[in-house]
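Inspection log for the structure reproduced underneath, given as structure tokens.
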Amino acid sequence: MTALVRLRLDIGYDGSEFAGWARQPAQRTVQGVIEEALGRVLRLDPPPALTVAGRTDAGVHARGQVAHVEVPADAYEAAGGRLLRRLAGVLPPDVRVWRVAPAPDGFDARFSALSRRYVYRVCDDPVGVDPLRRRDVLWHPWPLDLDRMNEAAALLTGEHDFAAFCRRREGATTIRRLLRYEWAREEPRLAAAAVEADAFCHSMVRALVGALLVVGDGRRDVGWPAEVLGARVRDSAVNVAPAHGLSLEEIRYPDDADLARRAQETRRVRTLSVTGGGAADGPAS
């Protein structure tokens, strides 16, 4: 039997021209492009399959994406220290592999993660976005009051059933622990939301941003997003913010000794206490 080595890859990409992370037939995806590049430089056919920390939607960017892949040890050894440079030579300019190395024992890019941190950037200058930032910043043509937005965001943090802000998948839980949701000014007319959770469900970050934008411009009360959260059903009044303003910035992992334990813990079925108002409907994702 061929010996395999698990590699950790640290990845960045401009999501503008990708149909998301996940491989899809006849679509250009980040996963597909990187797998093809790995197969080419390691001379593997079929190419090896990547497991990613957080699957991003079409148009979403990443600076701190993480994935793992298992490849034949002899193919990795044959590439030696040239693997990273060879990947740089075959990958297109809108995706980079910043680091690649054997993963520690117990490492799983998805299940070992402690949290994922996204940033959503919004320009509220009434004349529009800097043309050089149009691919990663949303233009919101009304002034935003970040104090109101942070007051509303504080009511959403903690472990809750986020069904009201998620696109449901059959058999998957919508219970998540929102560790951080804060708005700040990166520049005078550029607001950035830092959103961190142990995991996210589909469209959750962009729905949370959409709910806060209408608080920030005064169209909704500060307590409205928390009311939506408590209802635990999708509300048509919550607009999912466009993908291009969102970037995956960081995946956090425990110390190497705790990687396997964390992966096992993440796979458990999530539940909320009676006081929390619900129960899990499937494994964490």
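Every number in this text was worked out from the coordinates using simple rules, so none of it is lab data. Here the structure is a predicted model, which means the values were calculated and not measured. Neighbour counts are summed over all protein chains in view; Cβ atoms, including those assigned to glycine, are modelled from backbone coordinates with ideal geometry.
Taking one equal scatterer on every alpha-carbon of the chain, how large is log10 of I(q)/I(0) by Debye at q = 0.07 1/Å?
-0.28
Taking the alpha carbon gyration tensor of region 1-159, what are the square roots of 5 times its eigenvalues, largest first, to the nearest whole Å?
After diagonalising the Cα gyration tensor, the semi-axes are 36, 19, 12 Å.
If I stretch the segment between Ala78 and Arg168 completely, what's the gain in nm (0.36 nm per residue apart, minus their alpha carbon distance), one decimal? Please list the in-between numbers first.
Numbers: separation 90, 0.36 × 90 = 32.40 nm, distance 4.41 nm.
Result for the pair: 28.0 nm of gain on full extension.
Arrange His140, His202 by Cβ neighbour counts within 10 Å, fewest through most, would you?
Going from sparsest to densest Cβ surroundings: His202, His140.
Taking 0.36 nm per residue of sequence separation and subtracting the Cα-Cα distance, how much length would be gained by fully extending the chain between Asp256 and Thr2, in nm to one decimal?
Values: separation 254, 0.36 × 254 = 91.44 nm, distance 2.56 nm.
Result for the pair: 88.9 nm of gain on full extension.
Are there any trypsin sites (Lys or Arg not before Pro) in region 1-81 that are in a DSSP loop and have at most 11 other Cβ atoms within 10 Å? List them by number.
On the way: sites: Arg6, Arg8, Arg23, Arg28, Arg40, Arg43, Arg55, Arg63; in loops: Arg23, Arg28, Arg43, Arg55.
Those that pass, being in a loop and sparsely packed, are Arg43.
Given region 149-217 reduced to its alpha-carbon atoms as identical point scatterers, what log10 I(q)/I(0) does the Debye formula return at q = 0.20, 0.25, 0.26, 0.27 Å⁻¹?
-0.80, -1.15, -1.22, -1.29
If you average the C-alpha positions of region 1-76 and of region 95-119 separately, how far apart do those two centres end up, in angstrom?
Between the Cα centre of region 1-76 and that of region 95-119, the gap is 12 Å.
Output the relative contact order of region 43-142, whole-number percent, from Cα pairs under 8 angstrom with separation of 6+ residues.
Working: 79 pairs, mean separation 23.3, N = 100.
Relative contact order of region 43-142: 23 percent.
Test of understanding: what is the full-extension gain from Glu17 to Ser115, defined as 0.36 nm times their sequence separation minus their Cα-Cα distance?
Net length gain for the segment: 32.6 nm.
Counting Lys and Arg as +1 and Asp and Glu as -1, each charge on the Cβ, what is the dipole of the chain about the Cα centre in debye, to the nearest 20? Please report the intermediate quantities before stating the final value.
On the way: 40 positive and 39 negative charges, 109 e Å.
For this selection, approximately 520 debye.
With r defined as the distance between the Cβ atoms of Gln27 and Asp145 and R0 fixed at 45 Å, what FRET efficiency is calculated, to the nearest 0.05?
The value I calculate is 0.70.
With an 8 Å cut-off on Cα pairs and a minimum separation of 6 or more residues, tell me the relative contact order of the chain in percent.
Details: 633 pairs, mean separation 63.7, N = 285.
That works out to 22 percent.
Most exposed first by the Cβ proxy, i.e. fewest other Cβ within 10 Å, how do Trp98, Trp139, Trp183 rank? Before the final figure, lay out each step's value.
Values: Trp98 13, Trp139 17, Trp183 23.
Ordered from fewest to most neighbouring Cβ atoms within 10 Å, Trp98, Trp139, Trp183 come out as Trp98, Trp139, Trp183.
What number results when the radius of gyration of region 45-116, computed over Cα atoms, is divided by 2.2 N^0.38 Å?
Expressed relative to 2.2 N^0.38 Å, the Cα Rg reads 1.19.
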